[in-house]
Every structure is written in C-alpha cells, then in structure tokens.
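The structure appears below as structure tokens.
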Amino acid sequence: MDLFNGILSLHGVPFLLISVVIIMALGYILGRVTIKGVSLGTAGVFIMALLYGCFFYKHLSEEINADFVGSALKIVDNLGLILFVTAVGFIAGPNFFGNFKKNFKSYVVLAVIIILSGGLTCAGCIMVGRNFTDLNNDEFTAMLTGILSGALTSTPGFSAAKDAVADDHLQGIVSVGYAIAYIFGVIGVVLFVQIVPKLMKADMAKERKLLVTADSKGKAKDTSKLISMDDFGIMPFALAAALGVFIGAFKFRNFSLSTTGGCLLVALLFGHFGHIGKVSLTPKDTTLKVFREMGLVFFLIGAGVSGGAKFVQYFDGLYFVYGMLMTIIPMILGFLFAKYVLKLSLLNNLGSITGGMTSTPALGTLIGTAGTEDVASAYAATYPVALISVVLVSQFLIILFS
C-alpha cells in the first residue's frame, strides 16, 4: 500500500512515465495466465491499459494537462504502430510478393468478404436499432458507423466516418462508438486466433509446413557481400519508417494509406529487394523481433489508456453488443469462406483474418500461437485491401442512412 501511495504521490510527467512501465510489467504478467491453453498474451498489456484508463486517466489529466496527456498517449500509440507495422513489413517482405501473386484473388476476395459482412451487419443494426434509441437518425448512424470502425479496429475507417459526417457533434458521436467497440474488437480477434486451432485440434508442426510450402518458394539472399550501415540494421528500418509516414500522409479525396499502410508498403518493398546496390536494406532478425514486440506494446498502451477513459464515460450495453456482432460475424464468415471455398491452409486462413480485420494485436498473438512469423505474409496481403474497403464502406453507410 505504501508503494501504491508513493506512486500516486508522483506528479506530472514522472507519473506518466512510471505508469507506462507499470502497465507493461503487469500486462505481461496477466498475459501469461492460461486457461485451457488460451491466454491473452501481449493483449494482457491492453487489458491493463484499459483498467488504468478507467481508474487513473482523470487523475493523470488533472496532474498534468488533459491536452498534453492526450497528445502524449497519441505519440506512444503512433510510435508503437510505426515500429510494429514496419517490422512486420520487413519480416513478410521476402515471401510476400510470391505469396500474393499465387493467392491474389483469394486475398482480395477474402478481405472484401470480411469488410462487406461487417458493413452489412452494421446496416442491419442501424435498421433494427433505430427503433429502440433516443438518438435521432443522423446521430444513431454516426454512432453505429463509429462502432463498426472500432469493431474492426480500423483507424482509417474511423477517420473516414468522421470526415463523412456533417459537424463536430456527430464527429464526437463517431468517436464514442469507436471507443465502445474497440475493446472487444481487439480482444475478440486475439482470442479467435487461439481458440480456432484448439477447436480444430490442429497439428501446428504440420500447419507450419503447409504455410512454408505455400509461402517460401523464393531463394534466400546472400547478404554477406553487402555493406551494412550499422550492426543492427536500424538505419534501413528508420529510413523505411520515415518514408512510410511520409507516403501515408498523402490524401486523395479523404483517402490515404495512413501511417500504417505507408509503413507497411515501404517495409515490404525494402524486405523484398533487400538492398540498393551494395547497401543492405535488411535489419537483423533480432532487431525486427524486438521492434515488433516493443511497437505492439506501445500501441496497446497508448490506445488502451485513452480507450479505457472513454469506455467508462460512454459505455452502453446495447452498443457494446452491436460491436460484438460486427466483430464476430465477419470473423466467422471470413474463416468459413477461406476454409471451404478458398481452401486456404489454417495458418494462411488465420493470418488473412487478422489482416482482413485490420487487427494488429491479433497478428502478434497469432505469431506466438503458430510458432512462425511467416503468417505475417497473409496479414500483409489482406490488410491493404481491407484498409481501402473499410474506408469506402464507412463513408457509404453515412451517405446511405443519413
């Protein structure tokens, strides 16, 4: 108790910094708790961040400054996303284009199926639910569209929905819907990619061989004669991240690749080609693994703390149920379509689901469950298509029902 009171006695930025470290430590402890072979893994950090946001965000805002805290958490969130997605791009790059070329139609169709089923679920909830709400038509449409973007953990979809509504009031409602649904949007997919292999009693050694057979046809590149700019490969990593942020910032009619899409695209290209002339563009595997894990943790902390504060303030049980439906239905339909129609192997299927659901945390969990990082190729293949689709669907729903 004395330690707890001592932590609370800290003021300003030190309180914020030690909060991040404590969330990280306790989150990993929680993530190790396993029930019947299923655990939260790194998503345990997200749960701790949510709880922190619920109980301490107000105190933190009062001690420092609400605007500063919000900006600081956004920096943590964005930095984490940049590190994670760039690492995933480098990891997937060597096998991505061969895999994408072979399964192009499957990945495109699956991503569209997932997002379209989410959009149709949202449309159904709007048509039925507007008879049981105190919100007017425009407000309820904004709320449900925000819930869709949260259920799919899609920041670009969230931004597109905000841009499509008429005023600041409706934009605020979109934000509320996003916050309510985001929590299950993260946890639901994380649990799904662990539960499905358990239910299917999958032999992971066999599934990894099927994944390697599908994805790893290319030659390993000889990097011994290339010039490395540093021992860890941080320079090419930083260069890819910087270019990705720059490319992601460009907008065309309210659509952009976003930081996530830009960093993923550039890192895929760097990972695929491996070098420019005699200069190596390939970071060490250990560097990529550290940045991938660190990025995921920072992203979950930044998103979790701010999401926890909004969740308590605006929680509504019915809206939460809407969000659950918009997460569960696309996952199940996508999985069944990939299994029985597209005939994808289990790990290709689940990797594609994480990309189609635009779920960064679930990919981290799936890598641990599968025991291989090759699943990142399937994620990287479906993610860009899902990214574009969710932006279009979000805007279409606003136009259709407003």
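The values are calculated or read from the model by the stated rules, or taken from the named source; none is laboratory data. Computed from a predicted structure; not experimentally measured. Don't worry about glycine lacking a Cβ; one is built from the backbone with ideal geometry, like all the others, and counts go over all protein chains shown.
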For GLY118, which of the numbered conditions (1) of a type in the set (Gly, Ala, Ser); (2) surrounded by fewer than 19 Cβ atoms within 10 Å (Cβ to Cβ); (3) in a helix (DSSP H, G or I) fails to hold?
(2)
Of everything in region 247-296, what is free of Cβ contacts under 8 Å to residues at least 24 places away in the same chain, more than 21 Å from ALA381 (Cβ to Cβ) and within 20 Å of the chain's Cα centre (by Cα)? Give them in sequence order.
ALA249, VAL290
Would you tally the residues in region 32-45 being modelled with pLDDT of 80 or more and within 16 Å of ILE183 (Cα to Cα)?
2
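Could you pull out the residue among PHE96, PHE100 that is modelled with pLDDT under 80, of a type in the set (Phe, Trp, Tyr), out of contact with any Gly (no Cβ under 9 Å at 6 or more places or on another chain) and in a helix (DSSP H, G or I)?
Details: PHE96 fails: out of contact with any Gly (no Cβ under 9 Å at 6 or more places or on another chain).
Every option except PHE100 fails the conditions.
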Could you grab the pairs with beta carbons closer than 8 Å, sequence gap of 6+ or different chains, first residue in region 20-47 and over 22 Å from PRO197 (Cβ atoms), second one surrounded by 15 or more Cβ atoms within 10 Å (Cβ to Cβ) and among the aromatic types (Phe, Trp, Tyr)?
ILE23/TYR52; GLY27/PHE46; VAL45/TYR28
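Could you say whether any residue in region 281-293 is of a type in the set (Phe, Trp, Tyr) and in contact with a Phe, Trp or Tyr (Cβ under 9 Å, 6 or more places away or on another chain)?
So in region 281-293, the residues of a type in the set (Phe, Trp, Tyr) come out as 291.
If we keep only those that are in contact with a Phe, Trp or Tyr (Cβ under 9 Å, 6 or more places away or on another chain) as well, we get 291.
Checked against the condition, which is being of a type in the set (Phe, Trp, Tyr) and in contact with a Phe, Trp or Tyr (Cβ under 9 Å, 6 or more places away or on another chain), region 281-293 yields at least one hit.
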